[in-house]
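Shown next, in structure tokens, is the structure this report addresses.
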Amino acid sequence: ATLEDIYSTEVEAPTGPKVVEDFEKYGTSTTTPITRYVAGTGGSPDIKMYLDSKSPYQGKYNGRIDYTISGTYEWAYISKSLNSTWKTNNTLTLWAKGDGKSDQTVIIQLKSANGAPFKKAITLTGTGKVYSIPFSEFTLADWWPNKDDKLDIENMTEIGFLFEGK
């Protein structure tokens, strides 16, 4: 096909589940950080995402987040940019497990195109499970100045994971 054919062809909007991440496209190294995931400014810089092949849920790999919260830092955040619409979906589904030492809380954050952050806390266990979180359960972050903003699932720009300490 020529570029003209590609750009002039109308395509229906995607329907059904959207895959945000499957971790199969990052090679095979479990010791090299995945650079598409970036530490949040202001939080602990000691947070990275790696491939994990020890306990994959589907496929050969999962993502593993290693982080340390110490010193003056009170939280660690890691995120990945998105350029997708989820307008045909109403739920975020993911498999996750804690480190097995104790139950951990992770706050999943989604950002709308205007930067408004919406969050949902889940408690991770050491055994792992599938979490299905309706978008209606995500709430606007308390610190966001415009309290009237709504989650815009048609224009998601980021997904992130926040761990709090102290």
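Among the trypsin sites (Lys or Arg not before Pro) within the stretch 63-147, those in coil by DSSP and having at most 12 neighbouring Cβ atoms inside 10 Å are K101, K147.
With a Förster radius of 25 Å applied to the C-beta separation of W144 and S81, the computed FRET efficiency comes to 0.85.
Here the 3J(HN,Hα) profile of the stretch 130-137, calculated from phi with Karplus coefficients 6.51, -1.76 and 1.60 at θ = phi - 60°, is 8, 10, 10, 10, x, 4, 5, 8 Hz, Gly and Pro shown as x. Calculated mean residue ellipticity at 222 nm for the chain: -1000 deg cm²/dmol, from DSSP H runs with n ≥ 4 weighted as -39500 (n - 2.57), summed, divided by the residue count and rounded to 500. The portion of the accessible surface of the chain made up by carbon and sulfur, rounded to a whole percent, is 50 (1.4 Å probe; DNA, RNA and ligands excluded). Using a simple spin-label model with pseudo-atoms 7 Å out from Cα toward Cβ, S136 and K97 lie 3.2 nm apart. Ranked by the mean number of other Cβ atoms within 10 Å per residue, highest first, peptides 157-163, 131-137 order as 157-163, 131-137. Given R0 = 41 Å, the distance between the Cβ atoms of K54 and N114 translates into a calculated FRET efficiency of 0.60.
The distance separating the Cα centre of the stretch 133-160 from that of the stretch 30-100 comes to 19 Å. Taking all Cα pairs closer than 8 Å and separated by 6 or more residues, the relative contact order of the chain comes to 22 percent.
Approximating the spin labels as points 7 Å out from Cα along Cα→Cβ, the A121-to-D22 distance works out to 3.4 nm.
Note that the chain presents 62 Å² accessible area per residue, ligands and nucleic acids not counted, probe 1.4 Å. Computed log10 I(q)/I(0) for the chain at 0.17, 0.20 Å⁻¹: -1.16, -1.51, from the Debye equation with unit scatterers placed on every C-alpha and solvent omitted.
The values are calculated or read from the model by the stated rules, or taken from the named source; none is laboratory data. In this text, all values refer to a predicted model and were calculated from it rather than measured experimentally. Methodologically, a virtual Cβ is constructed for each residue, glycine included, from the backbone with ideal geometry; neighbour enumeration extends over all protein chains shown. For the accessible areas, the whole protein counts, side chains as well, though only heavy atoms, and no ligand, DNA or RNA atoms are used. Shrake-Rupley method; radii C 1.70, N 1.55, O 1.52, S 1.80 Å.
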